[in-house]
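Visitor: Sharing a structure below in C-alpha cells format, with a few things to ask.
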Amino acid sequence: MILTGASSMQREPIVFVGTSDLSAHFRGKSFPAADLPVKLQRGIGKAPTNLYLGAFGPIQVTTFGTVGEVFLMPDPAARVLVPFEASASEYFFIADLRTADGEPWNFCPRQVLRRALEALRRESGLQLYATFEQEFTYDGVPAHPWRPYELEGLRRQGLFGEVLLGALRQAGVVPDSFLAEYGPRQFEVTTAPAIGLRAADEAVITRELVRAVAYRFGQAVSFAPIADPNGVGNGTHIHFSFLDADGHPVLFDPQRPWQMSDVGRHFVAGILHHLPALCAVTAASVASYYRLRPNRWAPVHADIGSADRAAAVRVAPLNGVDPTQHASQFNVEFRVCDATANPYLALAAVVQAGVDGIRARREIDPNSRRALPGSLAQALALLQQTPLATDWFGAELLAGYLLFKRAEYQALESLDESEICRRYAEVY
Ligand code: GLU
Ligand code: MG
C-alpha cells in the first residue's frame with residue numbers, strides 16, 4: 001500500500017469536497033488543496049444526474065439525463081484535516097448543493113435538515129441536541145471466538161481504537177466511547193451530542209474516519225445493517241434532546257409522564273405516529289429490514305420503552321443520584337436507523353415528525369404497538385401515502401427518492417437474503 005521512499009518525493013495535498021447522497025455514500029470531487037480559496041467561493045460543478053448514483057455504483061434511473069450542473073459548496077465549518085504518518089492526510093469538507101444561481105438545490109440533504117430544524121425552532125423555540133451512535137464490523141480482529149464487551153475484545157483490536165479517537169478529536173468531534181459490541185467483530189463508537197446540523201455532519205465525519213483509520217491499518221470496516229440475515233445487526237441510533245435559546249436542557253420534567261416535558265412528549269408522539277413511514281428514510285435499504293426482526297436488540301414495533309433496547313424509541317435511563325445532572329443527561333434514543341440512511345434526511349424525518357407531534361399536541365399511547373414495515377417496498381409505499389412528507393422533503397426530492405429507492409430494491413429482486421446482505425456489506 002505504501003510506496004517506499006514516497007516521503008522523499010514531491011507531493012501535493014489533495015482536498016475532497018463531498019456530500020452524503022441519497023444512498024448515504026459520501027461522494028464528491030477532489031482537487032489540489034492550493035485551489036481551495038477559489039473553490040470555497042465558486043464551488044465545484046457536479047452533474048445533477050449523479051444524485052441517482054445507486055448504493056452499488058451504477059445509475060439505475062435518472063430524471064436529469066446528461067444535462068445540467070449543480071455546485072458543491074464546501075462548508076468551512078465542516079472541514080476535516082487529519083494527518084496520518086507515512087500516508088496521505090484525510091482532508092475533506094462537507095458541502096451544500098447549490099444551483100447555478102447560488103440557491104440551495106432542492107435535492108440538498110443538508111438543506112432539508114436545515115428546514116426541519118427551522119420548523120422546530122419556529123414551533124417551539126428549541127434547538128435539537130443530538131448524536132449518532134454507530135455500530136460497525138472491523139475486519140482487523142478474528143470473527144472467532146466471539147468477544148462481546150470483553151476487555152480482550154478491546155485489546156485485540158490493537159491501536160485502531162486509539163488512533164480513531166485521536167482522529168475524531170482532531171476533526172473537532174468529541175469521542176464518548178469505543179467498545180467491543182455484541183456481534184462477531186462488531187464495535188461501536190459514540191460521540192458527544194452537537195447542536196442541529198452539526199450532529200449529522202459529525203455522523204458523516206465519524207463514519208469516514210472509522211473507514212480512514214481502518215484503511216491505514218490495512219483493514220476493512222462495514223456499517224451495513226446486517227452482514228448475515230441470521231446474524232447481529234449494526235444500528236445507527238440517534239440520541240436526542242432539546243436546548244432552549246440559552247442552551248438550557250428542556251426535555252426532562254420529572255413531574256410529567258415518561259419524565260418528559262410536554263413539548264418533548266408531543267415530539268416523541270409525533271415520531272411514533274409517523275414511524276412506519278419514516279422507516280423508508282431511516283431504514284433505507286433492503287437489508288435494513290432483515291435487521292428489524294425479533295430478538296436482535298433492534299425494534300420491530302413503532303413503540304416506546306423506558307430503558308428498553310427492543311423499543312423503537314428508548315427513553316434513556318438517568319445515571320447517578322445528583323438531580324442537578326438529570327436534565328442535561330436526559331435523552332431519547334431513536335433506534336430504527338442504520339448507516340444506509342442519509343443522516344441529514346433521517347434526522348430531518350425524525351424532526352419533522354416530531355414537529356408535527358408538537359403542532360397537533362399528540363400524546364404517547366403506551367399501548368400502541370403497530371408493526372414496523374417488513375420491507376423497503378412497504379416502507380416506501382407508506383412514505384408515499386404520507387401527505388406531510390411532501391412538505392418535509394419537498395415534492396421534487398420526495399419523488400426522486402421514491403424512484404431511486406425503488407430502483408434499488410428492484411435491482412436486488414432476484415437475489416436471496418444472504419446474497420443481498422453480502423452486497424450491502426461490500427459497499428457500506
Ligand atoms: N445491534 C443492535 C442494533 O442493531 C443494537 C445493540 C445495542 O443496543 O447496542 O440496533
Ligand atoms: Mg450498541
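The values are calculated or read from the model by the stated rules, or taken from the named source; none is laboratory data. Since we're looking at a predicted model, the values are computed, not measured. Virtual Cβ from ideal backbone geometry, glycine too; neighbours counted across all protein chains shown. When the accessible area is computed, the model is the full protein with side chains, heavy atoms only, and any ligands, DNA or RNA have been set aside. Shrake-Rupley method; radii C 1.70, N 1.55, O 1.52, S 1.80 Å.
Visitor: Can you pull out the residues in region 3-34 that are among the small types (Gly, Ala, Ser) and part of a strand (DSSP E or B)?
Guide: Gly18, Ser20, Gly28, Ser30 - these are the residues of region 3-34 that are among the small types (Gly, Ala, Ser) and part of a strand (DSSP E or B).
Okay, residues lined up against (1) away from ligand 1 (no atom under 16 Å from the Cβ); (2) assigned to a loop (DSSP other than H, G, I, E, B); (3) open to solvent by 10 Å² or more (accessible area, probe 1.4 Å):
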residue	(1), (2), (3)
Leu154	no, no, yes
Gly158	yes, yes, yes
Gly172	yes, yes, yes
Asp176	no, no, yes
Tyr182	no, yes, yes
Arg211	yes, no, yes
Gln219	yes, yes, yes
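Visitor: Applying the selection to region 249-264, what residues are without any contact (Cβ under 8 Å) to a residue 24 or more places away in the chain and assigned to a loop (DSSP other than H, G, I, E, B)?
Guide: Taking region 249-264 and keeping what is without any contact (Cβ under 8 Å) to a residue 24 or more places away in the chain, we get 253, 255-256, 261-262.
Correct list: Asp253, Gln255, Arg256, Ser261.
Visitor: Could you grab me the full set of residues in region 204-240 that are within 18 Å of Gln134 (Cα to Cα) and of a type in the set (Gly, Ala, Ser)?
Guide: Ala212, Ala214, Ala220, Ser222, Ala224, Ala227, Gly231, Gly233, Gly235 - these are the residues of region 204-240 that are within 18 Å of Gln134 (Cα to Cα) and of a type in the set (Gly, Ala, Ser).
Visitor: If I ask for residues that are among the aliphatic types (A, V, I, L, M) and either in a helix (DSSP H, G or I) or crowded, with 20+ Cβ neighbours inside 10 Å (or both), which ones from region 222-248 would you list?
Guide: Keep residues of region 222-248 that are among the aliphatic types (A, V, I, L, M), which gives 224, 226-227, 232, 238, 243, 245.
Ala224, Ile226, Ala227, Val232, Ile238 - these are the residues of region 222-248 that are among the aliphatic types (A, V, I, L, M) and either in a helix (DSSP H, G or I) or crowded, with 20+ Cβ neighbours inside 10 Å (or both).
Visitor: Something else: Report yes if some residue within region 325-336 is aromatic (Phe, Trp, Tyr), open to solvent by less than 60 Å² (accessible area, probe 1.4 Å), touching a Phe, Trp or Tyr at 6+ places or on another chain (Cβ under 7 Å) and modelled with pLDDT under 95; otherwise report no.
Guide: Yes.
Visitor: So, in region 332-368, of the ones that are polar (S, T, N, Q) and over 16 Å from Arg115 (Cα atoms), which residue ends up farthest from ligand 2 (Cβ to nearest atom)? Spell out the reasoning first.
Guide: Of all residues in region 332-368, those polar (S, T, N, Q) come to 340, 342, 352, 367-368.
Keeping just the survivors that are over 16 Å from Arg115 (Cα atoms) gives 340, 367-368.
Details: Thr340: 17, Asn367: 27, Ser368: 25 Å.
Residue satisfying both the conditions and the ranking: Asn367.
Visitor: Taking region 382-405 as the region of interest, how many residues are open to solvent by 70 Å² or more (accessible area, probe 1.4 Å) and in a helix (DSSP H, G or I)?
Guide: Just the residues of region 382-405 that are open to solvent by 70 Å² or more (accessible area, probe 1.4 Å), to begin with: 384-385, 387, 391, 396, 403.
Going one step further and asking which of them are in a helix (DSSP H, G or I), we end up with 384, 391, 396, 403.
Residues flagged as open to solvent by 70 Å² or more (accessible area, probe 1.4 Å) and in a helix (DSSP H, G or I) within region 382-405 amount to 4.
Visitor: Among the candidates Ala360, Ala381, Ala346, single out the residue that is closer than 27 Å to Leu412 by Cα and over 19 Å from the mean Cα position of the chain (by Cα).
Guide: Values: Ala360 fails: closer than 27 Å to Leu412 by Cα; Ala346 fails: over 19 Å from the mean Cα position of the chain (by Cα).
Exactly one residue qualifies, and that residue is Ala381.
Visitor: I need the full set of residues from region 190-239 which are touching a Cys at 6+ places or on another chain (Cβ under 7 Å) and among the polar types (S, T, N, Q), in order please.
Guide: Thr236
Visitor: Being crowded, with 17+ Cβ neighbours inside 10 Å, within 16 Å of ligand 1 (Cβ to nearest atom), in contact (Cβ under 8 Å) with a residue 40 or more places away in the chain and outside any strand (DSSP E or B) narrows it down to one residue among Ala203, Ala199; which is it? Write out each step before concluding.
Guide: Values: Ala199 fails: within 16 Å of ligand 1 (Cβ to nearest atom).
Answer to the selection: Ala203.
Visitor: Quick one: which residue in His239, His248 is at pLDDT 95 or above and either within 16 Å of ligand 2 (Cβ to nearest atom) or of a type outside the set (Ser, Thr, Tyr) (or both)?
Guide: Values: His248 fails: at pLDDT 95 or above.
Selected residue: His239, the only one of His239, His248 that is at pLDDT 95 or above and either within 16 Å of ligand 2 (Cβ to nearest atom) or of a type outside the set (Ser, Thr, Tyr) (or both).
Visitor: Among the residues of region 273-322, how many are assigned to a loop (DSSP other than H, G, I, E, B) and surrounded by 24 or more Cβ atoms within 10 Å (Cβ to Cβ)? Explain how you work it out, then say what you get.
Guide: Start the filter on region 273-322 by keeping residues that are assigned to a loop (DSSP other than H, G, I, E, B), which leaves 283-287, 292-300, 302-303, 307-312, 316-322.
From the residues that got through so far, the ones that are surrounded by 24 or more Cβ atoms within 10 Å (Cβ to Cβ) too are 283-287, 292, 298-299, 302, 312.
Going through region 273-322 one residue at a time, the tally reaches 10.
Visitor: Go through region 62-85 and report how many residues are touching a strand residue (DSSP E or B) at 6+ places or on another chain (Cβ under 6 Å) and open to solvent by 70 Å² or more (accessible area, probe 1.4 Å).
Guide: Residues of region 62-85 touching a strand residue (DSSP E or B) at 6+ places or on another chain (Cβ under 6 Å): 69-75, 78-82.
After this cut, where a residue has to be open to solvent by 70 Å² or more (accessible area, probe 1.4 Å) as well, the list is 69, 79.
Summing the residues that are touching a strand residue (DSSP E or B) at 6+ places or on another chain (Cβ under 6 Å) and open to solvent by 70 Å² or more (accessible area, probe 1.4 Å) in region 62-85 gives 2.
Visitor: Being crowded, with 17+ Cβ neighbours inside 10 Å, away from ligand 1 (no atom under 16 Å from the Cβ) and of a type in the set (Lys, Arg): is that true of Arg114 here? Steps first, answer last, please.
Guide: Numbers: crowded, with 17+ Cβ neighbours inside 10 Å: yes; away from ligand 1 (no atom under 16 Å from the Cβ): yes; of a type in the set (Lys, Arg): yes.
Yes: the conditions hold for Arg114.
Visitor: Counting only residues that are open to solvent by less than 30 Å² (accessible area, probe 1.4 Å) and among the hydroxyl-bearing types (Ser, Thr, Tyr), which one in region 406-428 is nearest to Arg207 (Cα to Cα)?
Guide: Tyr428
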